[in-house]
Amino acid sequence: MSSAGFQLRWSWRDLRSRWVQIAVIALIIALGTGGYAGLISSVEWREESATASFDALNMYDLRVKLASGSYVPEGSLTATLATLEDANFIEASNERFISLIQSQVVSGDDTIIGVGPLVGVDVSDGGPQVAGISISMGRGLTTADSGQDVVLVSEGFASYNDLPDSGQLMISGNRELTYVGQALSPEYFSVLGGLESGSFVTQSSFTPLYTSLATAQNITGREGMVNDLVLTLEPGADRESIANRLEAALERDMPQTGFQIMSTEDDPSYQVIFDDINGDRQMLTVFALLIFLGAVGASFNLTSRFIEAQRREIGIAMALGVPRRQIALRPLLVGAEIALLGVIFGIAVGLILGAQMQQLIEEFQPLPVRITDFQTTIFAQAAVIGFVAPFLATAVPVVRAVRVPPIQAIRTGHLASRGGGLAPVIVRLPIPGSIFSQIPFRNVLRAPRRSLLTVLGIAAAITVMVALIGTLDVFFDAIERSDEATIAGKPDRTVITLAGFQEIDSPAVEAIASSPSVGAATPSLQLGGYLIGDDDQIEVLTEILDVDNDVWTPTLEEGTLAPDSPGIIISRKAADDLGVGIGDTITLRHPQRTGPSSFTIVDTRLPITGIHTNPFRTLVYLDMEQADLYGLDGVANVMHVLPAPGATADQVRQEMFALDTVTLAQSVGDISESVRDLFESFTSILQTFEGIALLLALLIAFNAASINLDERARDYATMFAFGIPVRTVIRMTMVESGVLGIVGTLFGVLGGFVVIGWVVNVTAAETLEDFGLEIVFEPQTMALAAALGILAVAAAPLLTLRKLRRMDIPSTLRVME
């Protein structure tokens, strides 16, 4: 057999002799490399899938969205478009009719309530050419469906509620429609696209209904009217220039009608998806790198200690005259094999973790195109680092070992650090108890470099764990504050959206107030708008309500909401983002009625008279006395109601569903649950890391204890020979591990606090910019994280109990001598 073949077989013998430690080191490397590669790959898949999905359905380049409540005759928007000088750069365009609607589907014994936009589109030539519709189940809409009671439901809604491919559904007014398929459209890939309507929805309740333009007009009683236009441009067209010319043309042709021109990047769904991807990339990269660095550091430490345990064999080989290069080859082969095994395991871990993340993402964000190709570059980067770091960990002690005189390497007791490290410090510390109480602390200080690397590996894992738990605390704190502000002690309150604007003394409003299930009722107005600051603007939902009503008013943390002090109430988050406070004046950009079906957009300066407690910065409140700012005196489009004695919110909702003047009825309990589900879909990604972090800490502690046992086998055998019981040795090793665990946990908790601050102030501030998150530290959850870390590390030596009990004392002492 060749020398290389002999060395390879001998290295395999070394691996088999300590296969448990080798497997654990490889698994630690795998958790680091695989965790990083799998999680970052999932982010790349999301971005590629989202980009391909928007492209596949021809997402609009520009959109003309009329002010809420505004409608123009069908064809007029297209006619204005045709007058542009650069109309030849317009590739395709579609007029649409969009209105909020509530639907109800019976599935088995369950009645499922859905809410979302009713989207009326051109169904000729296979459907809309811009912002198209993808059919996942059933069939699409055809020319024959124009004007018929035929719709498509959202794929996410149908999948979540396990609906058949086609069936029947009811809309407000108990009108029955037939849905013939399940569909997706780019503007509603994310359920947060539904926030545009002012309703808080989740996958379980958000369902856009797609139908023909004629059908949408008929359902809403707006025959021949449209309120939306989308268009795409030829490659190379100047989008900004065309948008400016289009704005000027619309102001010329429709001077009494307010509108907003949006680009692709302004679309709520587009923003949410790509902001979320970018935010998750930052956050997951930080967490993955922490796990990765902790794993690499631990593998470096443990592999180094594994090789140093063979220094005596290396010394004997040098004493026999074996060339130093040949001596170094075998342990280097061992290090390379450990690293390679870790990389192989890491690929498997990465693929499994990536698949789990992909499944989780698909559940709350369906897309028509899914790309899950193997991310070669990412896995290669992780594999290279995952291989090089443990290999270097092997090379360093090998080089050190072959450079010392053979007699120094052979010396019995070489495993103790030369000079005792920092062990003499322990003499000055008044540690009570016998020598067995001091030994664990001496062992920690005898090899400070080893102890430090072990502590850093544990600290990295605990940092991730504390950061995850702390970040979840931040999100759930926002949920609790939202619940308190929304419910305000009245969980049965129901928010009813009317079909258009109704006079407060109209039969439609009276029908709601006089319903058998309704007790108290108060009208209000909800309209979109913008808060304009010096350097920024925030899209908001403004509610105008009677501040003296007995049903509900917003809770304030500062200021007043009273008719005799007219002003605007904004959120703390909005105030901080715009740099304003109580007493300052701010610009509210809002619609103002100019006709029965037309609104213009105006700017009004208002004093800030209060700050409300809801963490959503999009919510703004005015007193009903200020409805004249909108040209809507004596008008309402929303009702807040409380159930009559003995009635429930469900009964209210069912009675409202039968009224054709009601578009939507949501109890605040449902809204609160939707907000909770929204946050939990986000936090479920974070929870993926918790098990990895805890497992990493446990593996690091176990391998440290296992290698300590091998290094100190002669010490323990000597103790057993003098009658020291196994439980005393186990207690000492557990104390030693516990000390390392405590120190590592302290560093980890501090690191976790830093990461929490970064997540809240940087990542979440960009990804969830509309939510006012506050850094909170829940003592019980932090104590849980610390306890898990310390207990897991301290308990790890128990896994070596069987090996200690089966130790052959004479052989151990003889081999060492």
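The values are calculated or read from the model by the stated rules, or taken from the named source; none is laboratory data. Since we're looking at a predicted model, the values are computed, not measured. Every residue, glycine among them, receives a Cβ derived from its backbone with ideal geometry; neighbour counts consider all protein chains shown. Ligands, DNA and RNA are stripped out before the accessible areas are found, and what is left, the full protein with its side chains, is counted by its heavy atoms. Shrake-Rupley method; radii C 1.70, N 1.55, O 1.52, S 1.80 Å.
Residues in the stretch 432-456 that are modelled with pLDDT of 75 or more, crowded, with 22+ Cβ neighbours inside 10 Å and of a type in the set (G, A, S): S451 alone. Checking the stretch 490-506 against the condition returns no match, with no residue being under 40 Å from the mean Cα position of the chain (by Cα), crowded, with 18+ Cβ neighbours inside 10 Å and in a helix (DSSP H, G or I).
Counting the residues of the stretch 272-322 that are modelled with pLDDT of 80 or more, charged (D, E, K, R) and within 24 Å of N708 (Cα to Cα) gives 0.
Just to be sure I understand, how many residues within the stretch 167-198 are at pLDDT 90 or above and open to solvent by 60 Å² or more (accessible area, probe 1.4 Å)? Residues that pass the stated criteria total 2. Residues in the stretch 120-135 that are surrounded by 17 or more Cβ atoms within 10 Å (Cβ to Cβ) and either within 27 Å of Q651 (Cβ to Cβ) or not charged (D, E, K, R) (or both): G120, V121, V123, G127, P128, Q129, V130, A131, G132, I133, S134, I135. Restricting the stretch 31-49 to residues that are buried (at least 24 other Cβ atoms within 10 Å of the Cβ) and of a type in the set (G, A, S), which is farthest from E337 (Cα to Cα)? Checking each candidate, the answer is S42.
May I ask you to list the residues in the stretch 320-363 that are more than 21 Å from R13 (Cβ to Cβ), of a type in the set (A, V, I, L, M) and surrounded by fewer than 18 Cβ atoms within 10 Å (Cβ to Cβ)? Of everything in the stretch 320-363, those that are more than 21 Å from R13 (Cβ to Cβ), of a type in the set (A, V, I, L, M) and surrounded by fewer than 18 Cβ atoms within 10 Å (Cβ to Cβ) turn out to be A348, L351, I352, A355, L360.
Q282 satisfies every condition listed in (1) buried (at least 21 other Cβ atoms within 10 Å of the Cβ); (2) in contact with a helix residue (DSSP H, G or I) (Cβ under 7 Å, 6 or more places away or on another chain) except (1). Residues of the stretch 65-107 that are among the polar types (S, T, N, Q), in a strand (DSSP E or B), within 32 Å of the chain's Cα centre (by Cα) and within 24 Å of D266 (Cα to Cα): S99 alone.
Checking the stretch 649-658 against the condition returns no match, with no residue being free of Cβ contacts under 8 Å to residues at least 40 places away in the same chain, open to solvent by 10 Å² or more (accessible area, probe 1.4 Å), of a type outside the set (F, W, Y) and on the phi > 0 side of the Ramachandran plot. Looking only at the stretch 46-64, which residues are under 20 Å from S136 (Cα atoms) and in a helix (DSSP H, G or I)? Matches in the stretch 46-64: R46, E48, S49, A50, T51, A52, S53, F54, D55, A56.
Being in contact with an Asp or Glu (Cβ under 6 Å, 6 or more places away or on another chain) and buried (at least 24 other Cβ atoms within 10 Å of the Cβ) is the requirement here; does P117 meet it?
It is false that P117 is in contact with an Asp or Glu (Cβ under 6 Å, 6 or more places away or on another chain) and buried (at least 24 other Cβ atoms within 10 Å of the Cβ).
Scanning the stretch 214-227 for residues that are open to solvent by 20 Å² or more (accessible area, probe 1.4 Å) and in a helix (DSSP H, G or I) yields A214, N218, I219, T220.
Would you check which residues across the stretch 235-267 are buried (at least 17 other Cβ atoms within 10 Å of the Cβ), in contact with a helix residue (DSSP H, G or I) (Cβ under 8 Å, 6 or more places away or on another chain) and part of a strand (DSSP E or B) and list them? The one that is buried (at least 17 other Cβ atoms within 10 Å of the Cβ), in contact with a helix residue (DSSP H, G or I) (Cβ under 8 Å, 6 or more places away or on another chain) and part of a strand (DSSP E or B): F259. Of all residues in the stretch 552-596 being charged (D, E, K, R) and not in a strand (DSSP E or B), which is most open to solvent (accessible area, probe 1.4 Å)? Step by step, filter the stretch 552-596, then rank; the result is D564.
Those residues that are in a helix (DSSP H, G or I), open to solvent by less than 20 Å² (accessible area, probe 1.4 Å) and either farther than 16 Å from F501 by Cα or among the polar types (S, T, N, Q) (or both), I need them from the stretch 611-648; list them, please. The one that is in a helix (DSSP H, G or I), open to solvent by less than 20 Å² (accessible area, probe 1.4 Å) and either farther than 16 Å from F501 by Cα or among the polar types (S, T, N, Q) (or both): Q626. Among the residues of this structure, Q651 does not count as one that is at pLDDT below 85 and among the polar types (S, T, N, Q). Among the residues of the stretch 507-551, those identified as among the polar types (S, T, N, Q), open to solvent by less than 20 Å² (accessible area, probe 1.4 Å) and farther than 23 Å from Q592 by Cβ are S515, S517, T522.
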